[in-house]
Structures are given as C-alpha cells and as structure tokens.
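J.: Pasting in a structure now, in structure tokens, and then I'll have a few things to ask.
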C-alpha cells in the first residue's frame, strides 16, 4: 500500500519552511516572492495579496523550472525565497516540496493559506 495523504503531507512539510501569515508578510517585505496557487475563481471571489504572482498548480513547475520553455524569470532563481499560498495551507505544502524536487532551495508556504492571511488582517485587494 502507498503512503496516505497525511504521510505525504508530513513528508512535504519536512522539506519546506512553514510561515505564519505575519512571518510571510515580513518575508515579502524583505524581498521574497509570494506565489498564489489558487484557481482564478477563488481569487475573484476572495481577493488577492497585492504583489503576489499567480501560477495555478497545473503550471507551477513549468514556470519555476529554468530549463522549461514556459519558465517565468520571476520564479526561476533557485536561491530566491519563494512562498506558496493556497486557500487553506495544504496543497501549497505539497507544491512546495515539488519545487524543492526541481532544485529550489528556499521554499516556504503560509500556514492556513489565504484564508489565514485575510483573517490576520493582512493586505488583500
């Protein structure tokens, strides 16, 4: 039998940094890049974090891999601090581990995701 999703989530989280919304906000002020992985419908309905870049999970690795024809220079530097954000802080953990797998060295996600960010009163537009 394979690993459960909880086991996979624990493994993924052991490979990345987990930041509170406040710590993520501070990291952004220090130059980190926030990647919003939520779908367009959620972004429209709930808002976005100003300055974040949007890469849905379906294209994330292609944008973050410098060898990809679909890469985006905003997220291809393996030493850049990348912070991932989903709705609730689960799929961003798994996505973060995938970025580590392709070579990124400074990857984090936001504990509680966008909803925790918003609840903390941090900027949303």
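FYI, it's all coordinate maths here, none of it is from the lab. Please read these numbers as outputs of a predicted model, since none were measured by experiment. When we count neighbours, we look across all protein chains shown, and the Cβ atoms used for this are built from the backbone with ideal geometry, even at glycine.
J.: Relative contact order for the range 5-119: what is it in percent, counting Cα pairs under 8 Å that are at least 6 residues apart?
T.: Numbers: 196 pairs, mean separation 39.4, N = 115.
Computed value for the range 5-119: 34 percent relative contact order.
J.: Just rank 105, 43, fewest to most, by other beta-carbon atoms within 10 angstrom.
T.: Numbers: 105 12, 43 16.
Final ranking by Cβ density, sparse to dense: 105, 43.
J.: Comparing 51, 103, 112, which has the greatest mean-square fluctuation in the GNM of the chain with Cα pairs linked when under 10 Å apart?
T.: 51
J.: Need the C-alpha centroid separation for the range 11-38 versus the range 76-110, integer Å.
T.: About 8 Å separates the Cα centre of the range 11-38 from the one of the range 76-110.
J.: How much length is gained if the chain between residue 90 and residue 120 is pulled fully straight, taking 0.36 nm per residue apart and subtracting their Cα-Cα distance, in nm to one decimal?
T.: Values: separation 30, 0.36 × 30 = 10.80 nm, distance 1.80 nm.
Computed gain between residue 90 and residue 120 is 9.0 nm.
J.: Quick check: from the Cα gyration tensor, does the chain come out rounded (a/c under 1.5), prolate or oblate?
T.: Working: a/c = 1.42, a/b = 1.14, b/c = 1.24.
Rounded shape, in that the Cα axes give a/c under 1.5.
J.: Further question on the same structure: Please state the relative contact order of the range 46-92 as a whole percent: Cα pairs under 8 Å, 6+ residues apart? Mind showing how you got there, number by number?
T.: On the way: 25 pairs, mean separation 8.5, N = 47.
Here the relative contact order equals 18 percent.
J.: Test of understanding: ordering 83, 102 by Cβ neighbours within 10 Å, fewest first, what list do you get?
T.: Details: 83 26, 102 14.
Fewest to most other Cβ atoms nearby, the residues stand as 102, 83.
J.: Sticking with this one: Can you give me the pair-distance distribution of the range 41-90, C-alpha pairs, 10 Å bins, whole percents?
T.: Values per bin, smallest distances first: 22, 51, 25, 2.
J.: Right, something else. Among 59, 75, 107, which one shows the biggest mean-square fluctuation in a GNM of the chain, springs joining Cα atoms closer than 10 Å?
T.: Looking only at 59, 75, 107, the biggest GNM fluctuation is shown by 59.
J.: Could you put 34, 84, 57 in order, starting from the residue whose Cβ has the fewest other Cβ atoms within 10 Å?
T.: Values: 34 23, 84 29, 57 16.
In increasing order of surrounding Cβ atoms, one gets 57, 34, 84.
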